[in-house]
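What follows is a short report on a single structure.
The values are calculated or read from the model by the stated rules, or taken from the named source; none is laboratory data. Given the structure is predicted, the values throughout are model-derived calculations rather than measurements. Here the Cβ is made from the backbone with ideal geometry for all residues, glycine too, and neighbour counts use every protein chain on show. Heavy atoms of the whole protein, side chains included, go into the accessibility calculation; ligands, DNA and RNA do not. Shrake-Rupley method; radii C 1.70, N 1.55, O 1.52, S 1.80 Å.
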Amino acid sequence: MSQGWPATLVHGDVTVRPLALSDARDWRRARERNAAWLRPWDATVPPGAEARPQTFRSLVKRLRRSAEAGTTLPFAIEVDGHFAGQVTVSNIVRGSAQFASVGYWIDQAYAGRGVMPLAVAMVIDHCFTKVGLHRLEISIRPENSNSLRVVEKLGIHEVGYAPRYLHIDGEWRDHRMFGVTAEECRDGMVHRLEKSLQSHE
């Protein structure tokens, strides 16, 4: 099992906790309700690659196996006890790298309310303080203005550009790469976010 896992993180009305089989109904409803909104940003299987039918149960079991192997941290987001989306830390590399990638999606009903920046900030703080990682990276399509606002609010710097980086919505898509290290978050990413929000009030 990965260091710092399982873990439940709480800040105000936002809770970030391990994705569970019991989330099946709420997860399916959220994905169905937001299908058109999420489709342009969802990963797809490129031609020639093996595509296995995936149920929510098989997804959770695969993520749980990866969590047990220490390579993935699959979190569900709750707002006032209601399922609102996911944050997943994946591709965890130990050794000399201590690196991982962060991906996320949110129910459109909760978009624009500051939920996702806070949830990502909570996960980043957990990864740096409890999981022992040193660097986290977030890759975002240039057209995804909602996701770009998340890293902008968190003050995470752009570190590169990756042409045809991931197969998304049926094509190989370019991505902007954003990265942050533990040294940049000594006071915590949540603290940084709250300080930024206060300065804009």
| Failed condition for ALA36, given (1) within 19 Å of the chain's Cα centre (by Cα); (2) farther than 18 Å from SER101 by Cβ; (3) of a type in the set (A, V, I, L, M, F, W, C), with all others met? | (1)
| note | Over the range 85-97, the set of residues surrounded by 15 or more Cβ atoms within 10 Å (Cβ to Cβ) and either charged (D, E, K, R) or more than 17 Å from ALA67 (Cβ to Cβ) (or both) is GLY85
| request: Could you grab the pairs with beta carbons closer than 7 Å, sequence gap of 6+ or different chains, first residue in the range 178-201 and at positive phi, second one modelled with pLDDT of 95 or more and part of a helix (DSSP H, G or I)? | output: GLY188/ASP125
| What's the number of the condition GLU32 fails, among (1) in a helix (DSSP H, G or I); (2) over 21 Å from SER58 (Cα atoms); (3) not small (Gly, Ala, Ser)? | (2)
| So GLN108, is it of a type outside the set (D, E, K, R) and over 19 Å from HIS11 (Cβ atoms) | yes
| Output for the range 172-201, where each listed residue is at pLDDT below 95, over 20 Å from LEU9 (Cα atoms) and exposed (fewer than 13 other Cβ atoms within 10 Å of the Cβ) | GLN198, SER199, HIS200, GLU201
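Would you call ILE124 among the β-branched types (Val, Ile, Thr), surrounded by 21 or more Cβ atoms within 10 Å (Cβ to Cβ) and in contact (Cβ under 8 Å) with a residue 60 or more places away in the chain? Lay out the reasoning, then the answer.
Details: among the β-branched types (Val, Ile, Thr): yes; surrounded by 21 or more Cβ atoms within 10 Å (Cβ to Cβ): yes; in contact (Cβ under 8 Å) with a residue 60 or more places away in the chain: yes.
Spelling it out, ILE124 is indeed among the β-branched types (Val, Ile, Thr), surrounded by 21 or more Cβ atoms within 10 Å (Cβ to Cβ) and in contact (Cβ under 8 Å) with a residue 60 or more places away in the chain.
Could you tell me which residue of the range 62-84 is most open to solvent (accessible area, probe 1.4 Å), considering only residues that are part of a helix (DSSP H, G or I) and in contact (Cβ under 8 Å) with a residue 40 or more places away in the chain? Talk me through it step by step, then tell me what you get.
Start the filter on the range 62-84 by keeping residues that are part of a helix (DSSP H, G or I), which leaves 62-68.
Now drop any that are not in contact (Cβ under 8 Å) with a residue 40 or more places away in the chain, which leaves 63, 67-68.
Numbers: LEU63: 17, ALA67: 2, GLU68: 97 Å².
Across the range 62-84, the extreme among qualifying residues is GLU68.
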| field | Extreme residue, modelled with the highest pLDDT, among residues of the range 2-27 that are open to solvent by 60 Å² or more (accessible area, probe 1.4 Å) and under 13 Å from PRO74 (Cα atoms) | value | THR8
| said: Just to be sure I understand, how many residues within the range 138-169 are among the aromatic types (Phe, Trp, Tyr) and surrounded by 14 or more Cβ atoms within 10 Å (Cβ to Cβ)? | reply: 1
| request: State whether the residues of the range 159-170 include one that is modelled with pLDDT of 95 or more and within 24 Å of SER196 (Cβ to Cβ). | output: yes
